[in-house]
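Chemist: One structure follows; several queries about it will come next.
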Amino acid sequence: MKTKVYYGEKLFDPRWIEKRKRILHRDNNQCVICGKTGGKLHIHHKQYHFIKRLQKHADPWDYQDSLLTTLCESCHSRGHYRYKVPVKYI
């Protein structure tokens with residue numbers, strides 16, 4: 001029996017850790033909105049992918065780099081409050 005892996009657990013996966021480092025480096029380790037550096041920077045998914053045949057969302061590391069961006073905790077929270085992240089069904 002396969003157990004469900006929760007999103008928070010996936011953030012410790014080496015594939016996500018490597019992808020996160022790459023996005024942070026690309027964005028100069030700063031929030032792309034306000035320019036804040038240091039502190040807790042988040043990698044934000046601009047779009048979520050739902051795989052219909054598997055009935056699950058794509059793993060966080062399986063997104064194209066262009067769909068990921070670096071945000072500070074404040075800008076990330078504010079963005080999720082103001083806007084709904086679109087879901088693409090694939």
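Where a number appears in this text, it was derived from the coordinates with a stated rule and is not lab data. None of these values were measured; they are calculated from a predicted model.
Chemist: Helix-derived [θ] at 222 nm for the chain: sum -39500 (n - 2.57) over DSSP H runs of at least 4, divide by residue count, nearest 500?
Modeler: One gets -8500 deg cm²/dmol as the mean residue ellipticity at 222 nm.
Chemist: Tell me, Kirkwood radius of the chain from alpha-carbon pair distances, in Å?
Modeler: Answer for the chain: a Kirkwood hydrodynamic radius of 14.1 Å.
Chemist: While we're on this one: Enumerate the aspartates and glutamates that residue 52 could reach by cross-link, defined here as Cα to Cα under 20 Å, with residues fewer than 8 away along the same chain left out.
Modeler: 62
Chemist: Of 26, 53, 15, which has the largest mean-square fluctuation in a 10 Å C-alpha GNM of the chain?
Modeler: Most flexible of the set in this elastic network: 53.
Chemist: Of 19/46; 21/56; 19/40; 10/36, which pairs sit farther than 20 Å apart, going by alpha carbon to alpha carbon?
Modeler: 21/56; 10/36
Chemist: If one takes the longest principal axis of the Cα atoms in the chain, at what angle in degrees, from 0 to 90 and to the nearest 10, does the Cα axis of helix 14-26 lie?
Modeler: Tilt of helix 14-26: around 30 degrees.
Chemist: List every residue whose amide H lies under 5 Å from the amide H of residue 57, counting only residues 5 or more places away in sequence or on a different chain, with H placed 1.01 Å from N in the peptide plane.
Modeler: Here 51 satisfy the definition.
Chemist: Let me check against my output: what whole-number percent is the relative contact order of segment 43-90, with C-alpha pairs under 8 Å and at least 6 apart?
Modeler: With pairs under 8 Å counted, the relative contact order is 59 percent.
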